Structures are given as C-alpha cells and as structure tokens.
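Worksheet for the structure shown next.
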C-alpha cells in the first residue's frame, strides 16, 4: 500500500526536492532520484514495494542475495562495495547483476538495498 | 587494469618523470628564493628555469608572466576573477567544463557580471562567427576551452583569437585537455592568457598547473600573502609572477612538471598525439559497427584528441562503467564529466555517457579488448 505526499510542510522540506511517501505503514523519505534519504528507514517490505514499482514482480533468491550483500557491506563499511567486491561477494558478474534489476546496478540494486544516492556525477 | 580515463588524469606517469622529480626534490626541495642560503637560490633557479621552459612551450612572451597554480581550475579562477569588473560581460561556450562555468555563474549570481555561451555544432565544434556575434560593448573577457573534455574536439582558437583581437576582447584559453598533446602558440593565436594543468597530457603530477599571461594583459590579485619580496609592504606585491602567487610554491609539483617537459621533449608531442588519435579512431570504428551503441560527435580525426563518448541503448552509463571495470578490468569515466551543458546539448543531460580517453601508454590490444567488452555488454540485455 503506497500513498504519495508532496514535500512542503513535511520533515523533508528543503531536502533536495525529495518527497515523503507513506510506505509499509509509515512515512518514508526519498530524495529527488528515488533513493531513501535515510538508509535506516529501509526494510525488506519497503524493498519489496520498490522492487514491484521498478518492474520486478517478486524479489527472488538471487535478488535478495545481491540486496543483502550490498546492504550488509554498507552497514559494516559505511560505503557501497567496490565493483570487484560486489562481484566476488555475490558470485555473479556485474553484467548478471545488471540484468536482474530493471533499474540496473546503481539505480536498481543499490536503490533497493536502501543505500544513499551516490552524489558523484559518475554514478 | 586497462586504463582509459586519461582525460581525467594520465596514468601511469612515466617512472623516469617521477624518479627525477623525487631526486630533485630530495636534493633541492627548500623554499625557493625565500632564504639567503645557496640551496634556496638554487631552488629558485630551478623554478625560474621551469617558468622559462613553460613560456617557450606555450609561446608566451615573458617568463615572469608564468604563474603557478594548483591546476587548471585554480588558474581559471585566478584569471577570471582577477579580470572582470562589475557590470562586465563574458563570452564563453557551451563546451566548457565547470572550471569555467561555475566561476562565471558565481560572478553572475553575485550581481557582478553577465555572460553568454555560444553553441557548438553537431560534431562538437565552435564557430568563430558565433563568438563575434556574442561580443558586446561591455564584454571584458572571452573564455574558451581549447579541447572539449567530453568530445575531444579541438577548437579553432586561432580564428576565435582573431575575432577577439579585432573586437579588443582578451581571450583566455583553457588547455586542460590539450597541453602536452597539441602544439600551442598563444602569441601567434592572439590569446591573452592560457590556463594549464600538469597532470594530464603534460604527464606531470597532480597539484601543479598555472597561467601563462601575455605582457599586454594584467590580472588583479585575488589572494594575498607571503611572496618573499617587498615584505616591508602590507599591500601584496604588484610584481609578476609573485603578484598572483601567494604562499610557498609547490616545488615538488614544479620539479615534476620540469621532468615531464623533458620527457615530452624526448618522446615528441606530435608522435604521442598521432598514436593516441590512431587508437581512439580504432576504438570509434570498432564500436561504430555495434548495435545499440551510440557514439557522439563525429570522426573528424584531424581535429580531435583521443576521447570517445559512447552509450549503450537501454543501459545507464554508470552501470556500463561498473561492468567495464568489474567484469573486464577497464577503467573509464562515466556521467557528466563536469561539463553539464555539453551533455544537455547531446541529449545526455541526466545520466551522461561513458567516456573512453586514451593515453600515451595504451595499446591496440587494449583498445580491441574495450571494443569486445562493449560488444558483449551491448548484447547482454
């Protein structure tokens, strides 16, 4: 169940033109590119909802393997895994990961794992 | 790793450049000209020698008008902010890097100046007539990139210089992508100031760059401090080059630049450019035949350096770059390349593209591997 709200007046006002949405029974803050503004708001239920919106009917085992690896790595290291770490950690090539997520790696897998938006213009 | 991000910085640097830089620094790395002892004088002579060498290299007319800065962005800030006056106008182009766009925008938002940006054509070239039309009576400066960092196109500086000279507008040239690769003569081209960086095609270290000013062109200091001369005065010295250099110089970087210039002399800039162009052309032609791959600009190889911008239909450039790196060991630069207006014009303003930029140490085999990698990625979805 999702319900979109506009930013003005919310706690997110002034934050990068993001928006607040009502997801999984609570307010969740997103930035303008659809990334969670606060990674601690992530939950598996939210990942499921966002995945459906991105065109993944149901997150399968290999999706979760990627999402959990990225998320665990981020929580332990404070950053996303390097490309070679991701590849080794999930046992898939980056091409295989990219294909599994309609939004690709950076705006698909990473977004569903609840990592912050990489602000580099190269991301 | 196959390194194809040489437009960001050349890598690796020639070992002999690094070794000579470190050896000289170990022997003479004191504050140049600041002390009364012999070593300080010797260090100062080394620095003066590099100024003379750079002056000749770029066709300047006074070694004292060679100003050291941290990089091209720093040098451009120095010259732009030290030249324009309130109520003024600047002409530049849509091809510029943020190193030009952001200082101009900053000055516009401060209410000091206005600026216009001339467009580029479908191949990535500027038209000198557009510069002529954009110049107003209030125009105080024209700023131009010599070579686009996104498309690799070399701009007709001599013709634009002639326009600026005729209209009495000083021309500043950003050579971040061309210095060390394309022969430059600012005196012949009617350029008033040139900004360069040491760590790209000049093959020096990061942290060193500068300005070459013509004798006829003055720049106001915008930062102030110790210079080692006129110390009794509280007002910053007006004597070049110290007028625009405050604080201890980056002598390690300057010695690196010197070593790099010696290396380039031995290798021959023309030969490096010829080789890089041939490799970029091989890359372009290899990718041009692949389905779902879009290339930007055009194959005017006699007016380009070794930069190729590509995208794969239906894929984010950031992901293509990640796959090139993670699955194929190929380093490229993805995104907007700090040149947002170029990408906006190309229709890639949101996600950008994948930029391959060859350097002096790339090989045909590496280029063929990059083509093969792009072919495989383009077939993956």
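The values are calculated or read from the model by the stated rules, or taken from the named source; none is laboratory data. If you're wondering where the values come from, they're calculated on a predicted model, not measured in any experiment. Backbone-built Cβ (ideal geometry, glycine too); neighbour counts: all protein chains shown.
See the values below:
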read-out	value
Residues being closer than 15 Å to residue A:32 by Cβ, more than 8 Å from chain B (Cβ to nearest Cβ) and assigned to a helix (DSSP H, G or I) - total across segment A:100-122	1
Matching residues, segment B:342-357, being surrounded by 24 or more Cβ atoms within 10 Å (Cβ to Cβ) and not in a helix (DSSP H, G or I)	B:352, B:353, B:354, B:355, B:356, B:357
Hits in segment A:89-123 (condition: at positive phi and either modelled with pLDDT under 95 or surrounded by 20 or more Cβ atoms within 10 Å (Cβ to Cβ) (or both))	A:104, A:114
Single residue of A:59, A:49 found to be part of a helix (DSSP H, G or I) and free of Cβ contacts under 8 Å to residues at least 60 places away in the same chain	A:49
Qualifying position, being buried (at least 23 other Cβ atoms within 10 Å of the Cβ) and free of Cβ contacts under 8 Å to residues at least 24 places away in the same chain, among B:322, B:339, B:288	B:322
Unmet criterion (only one of (1) surrounded by 23 or more Cβ atoms within 10 Å (Cβ to Cβ); (2) touching a helix residue (DSSP H, G or I) at 6+ places or on another chain (Cβ under 9 Å)) for residue B:317	(2)
Residue list for segment B:285-314, restricted to those being assigned to a helix (DSSP H, G or I) and touching a strand residue (DSSP E or B) at 6+ places or on another chain (Cβ under 8 Å)	B:287, B:288, B:303
Matching option when the condition is more than 9 Å from chain A (Cβ to nearest Cβ), within 27 Å of residue B:178 (Cβ to Cβ) and modelled with pLDDT under 95, among B:310, B:300	B:300
Residues of segment A:84-93 classified as at the interface with chain B (Cβ under 10 Å from one of its Cβ atoms), over 17 Å from the mean Cα position of the chain (by Cα) and assigned to a helix (DSSP H, G or I), total	4
Test result for residue A:11, under 12 Å from the mean Cα position of the chain (by Cα), over 22 Å from residue B:325 (Cβ atoms) and either away from chain B (no Cβ under 12 Å) or modelled with pLDDT of 95 or more (or both)	no
Hits in segment B:315-341 - residues which are at negative phi, part of a loop (DSSP other than H, G, I, E, B) and more than 7 Å from chain A (Cβ to nearest Cβ)	B:332, B:339
Counted residues, segment B:26-45 - those being part of a helix (DSSP H, G or I) and buried (at least 18 other Cβ atoms within 10 Å of the Cβ)	3
Some residue of segment A:26-38 being at positive phi, away from chain B (no Cβ under 14 Å), outside any helix (DSSP H, G or I) and at pLDDT below 95	no
Subset tally (residues that are touching a residue at least 60 places away in the same chain (Cβ under 8 Å) and over 22 Å from the mean Cα position of the chain (by Cα)) for segment B:291-310	3
Selection count, segment B:342-357, where residues are within 10 Å of another protein chain (Cβ to nearest Cβ) and touching a residue at least 60 places away in the same chain (Cβ under 8 Å)	2
So residue A:80, is it under 19 Å from residue A:35 (Cβ atoms), surrounded by 19 or more Cβ atoms within 10 Å (Cβ to Cβ) and within 13 Å of chain B (Cβ to nearest Cβ)	yes
Test for residue B:371: is it more than 10 Å from every other protein chain (Cβ to nearest Cβ) and part of a helix (DSSP H, G or I)	yes
Conditions (1) at pLDDT below 95; (2) surrounded by 15 or more Cβ atoms within 10 Å (Cβ to Cβ); number of the one not met by residue B:253	(1)
Matching entry among A:75, A:86 (being more than 19 Å from residue A:51 (Cα to Cα), surrounded by fewer than 22 Cβ atoms within 10 Å (Cβ to Cβ) and out of contact with any strand residue (DSSP E or B) (no Cβ under 6 Å at 6 or more places or on another chain))	A:75
Answer residue from segment B:358-368, given it is part of a helix (DSSP H, G or I) and touching a residue at least 60 places away in the same chain (Cβ under 8 Å) and is farthest from the other protein chains (Cβ to nearest Cβ) among those	B:364
